[in-house]
Amino acid sequence: MNNIRQERIKEFVEAHNVATIKELQALLPDVSLMTIHRDLDALESRGVLVKFRGGAKSVRHTGDPEFNVRMRDNNAGKVTIAQKAMTLLQPHTSIFLDASTTNLTLARNLPDMNLNIITTGPSIAIELCRLHNPTVTLCCGMINRKNLALSGHNTLEMLEKMNIDMAFIGVSGCSLDAGFTCGTEGDMLVKRLAIRKAKTSVIMCGSDKFNCLMPYTFAKLPDVNYVITDGAVPNAFVEEAARCGVKII
């Protein structure tokens, strides 16, 4: 019986890349939470999956796709999100752009206005050099070759000293249960700190990211002020956003 149950868990995790404990409980409603955790421990010991707090991911799942792959994905949607984001910008304010490809699209479309821009994306900083009026600060830190994002202790220490009026944060996944998620611990810590430091936090979320899940949660709906997207939003998410006072654009 254990082998049959564990095989069902294995197949579910591999099919979805990432699964929450809540999803596994729905898959196996007659099984206790403790038994599910024991099954996950057994599967992890066999090298089938990797447990993380609140769920498990397939060993085939390596996190976010590479930067160049993501730049080719949903380009029209990213432009739509960037155009909406620009309506929130005010001159003479300080904004944070994480290293997401949606923020790179924003940087490529940004008007030449007087802003203090802080970023953890080297590609974003280089793109902004075409403009004359913004002051651009590139955070220090260790670069992830896969997603071209800076993170680590030095990045967090530098961000801790920054004053941020508005933070624009990209996501890899979004669900009501898990919140806003990303693929690496380093990115999670940077996004979480930027949201805490910012007076206003803006989530940049393509409609294809809803009901997707990545291993690391960096924020929940009550933590942010805006969610910008390019298409339809699930009704349950709209209702919860309204309850939390979060504006969807």
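The values are calculated or read from the model by the stated rules, or taken from the named source; none is laboratory data. In this text, all values refer to a predicted model and were calculated from it rather than measured experimentally. Cβ atoms come from the backbone with ideal geometry, glycine included; neighbour counts cover every protein chain shown. Protein only, heavy atoms only, side chains kept; ligands, DNA and RNA dropped before computing areas. Shrake-Rupley method; radii C 1.70, N 1.55, O 1.52, S 1.80 Å.
Under the condition of being crowded, with 19+ Cβ neighbours inside 10 Å and under 18 Å from residue 88 (Cα atoms), the residues counted in segment 198-224 number 8. Taking the residues in segment 179-210 that are small (Gly, Ala, Ser) and assigned to a helix (DSSP H, G or I) as candidates, determine which candidate is modelled with the highest pLDDT. Across segment 179-210, the extreme among qualifying residues is 194. When restricted to residues that are open to solvent by 10 Å² or more (accessible area, probe 1.4 Å) and either of a type outside the set (Gly, Ala, Ser) or part of a loop (DSSP other than H, G, I, E, B) (or both), segment 114-133 contains 10.
For segment 55-70, the count of residues that are on the phi > 0 side of the Ramachandran plot, modelled with pLDDT under 80 and under 16 Å from the mean Cα position of the chain (by Cα) is nonzero. The number of residues in segment 11-31 being free of Cβ contacts under 8 Å to residues at least 24 places away in the same chain and either in a helix (DSSP H, G or I) or open to solvent by less than 70 Å² (accessible area, probe 1.4 Å) (or both) comes to 7.
Against the conditions (1) assigned to a strand (DSSP E or B); (2) open to solvent by 50 Å² or more (accessible area, probe 1.4 Å); (3) closer than 27 Å to residue 50 by Cβ, residue 150 satisfies every one except (2). Candidates are the residues of segment 160-192 that are surrounded by fewer than 21 Cβ atoms within 10 Å (Cβ to Cβ) and hydrophobic (A, V, I, L, M, F, W, C); the one that is farthest from residue 224 (Cα to Cα) is 162. Scanning segment 88-113 for residues that are open to solvent by less than 20 Å² (accessible area, probe 1.4 Å), part of a loop (DSSP other than H, G, I, E, B) and of a type outside the set (Asp, Glu) turns up 89, 99, 100, 110.
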